[in-house]
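**Student:** Mind looking over this structure? Questions follow.
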Amino acid sequence: MIDKNCFDELSKQKAKSFNQEKNYIKKALNGQTINCRVCQKQLQMQFINDKTQVKLQCKSSCTDILLDIDKGSK
Ligand SMILES: [Zn+2]
């Protein structure tokens, strides 16, 4: 039997890290410098897929975030 509490906890953690990643992207889009939490190197921002996605990556690739850009802000 699958432990439902365990599953809930996992999805909570996932949501938490997703929000954190979203925050990273937001800061990067605002021109702020963000450092990798693991290696403390500066994260590089890159637009990919016809600028529909943004990628944040550090040189050692311990941080590698890919996020869709919200285009619904008309
Ligand atoms: Zn890193």
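**Student:** For the chain, take the longest principal axis of its alpha carbons; what is the angle in degrees between that and the long axis of helix 4-29, to the nearest 10 within 0 to 90?
**Tutor:** 10
**Student:** Can I ask one more? So how much accessible area does SER60 have, in Å² to the nearest 10, using a 1.4 Å probe?
**Tutor:** 60
**Student:** Also: With +1 on each Lys and Arg Cβ and -1 on each Asp and Glu Cβ, and nothing else charged, work out how big the dipole of region 4-68 is about its Cα centre, in Debye to the nearest 20.
**Tutor:** Numbers: 12 positive and 6 negative charges, 37 e Å.
Dipole about the Cα centre, nearest 20: 180 debye.
**Student:** Explain nothing, just the number: relative contact order of the chain, from Cα pairs under 8 Å at least 6 residues apart, as a whole percent.
**Tutor:** On the way: 76 pairs, mean separation 14.3, N = 74.
For the chain, the relative contact order is 19 percent.
**Student:** In addition: So what is the calculated 222 nm ellipticity per residue for the chain, using -39500 (n - 2.57) for each DSSP H run with n of 4 or more, over all residues, to the nearest 500 deg cm²/dmol? Write out the running numbers ahead of the final one.
**Tutor:** Numbers: 1 runs with 26 residues, N = 74.
Rounded to the nearest 500, it is -12500 deg cm²/dmol.
**Student:** Follow-up. With the other protein chains left in place, how much accessible area per residue, in square angstrom, belongs to the chain at a 1.4 angstrom probe? Each step should come with its number before you reach the end.
**Tutor:** Numbers: 6170 Å² over 74 residues.
Using a 1.4 Å probe on heavy atoms only, each residue of the chain averages 83 Å².
**Student:** A follow-up question, please. Kindly state, to the nearest 0.05, the FRET efficiency for LYS59 paired with SER17, given R0 = 30 Å and r defined as their beta-carbon distance. Don't jump to the answer; show the numbers that get you there.
**Tutor:** Values: r = 21 Å, r/R0 = 0.70.
Once the sixth-power term is evaluated, E becomes 0.90.
The values are calculated or read from the model by the stated rules, or taken from the named source; none is laboratory data. Here the structure is a predicted model, which is why all the values come from computation and not from measurement. Because the Cβ atoms are built from the backbone with ideal geometry, glycine has one as well, and the counts that use them run over all protein chains shown. Calculation scope for accessible area: heavy atoms of the full protein, side chains included, ligands and nucleic acids excluded. Shrake-Rupley method; radii C 1.70, N 1.55, O 1.52, S 1.80 Å.
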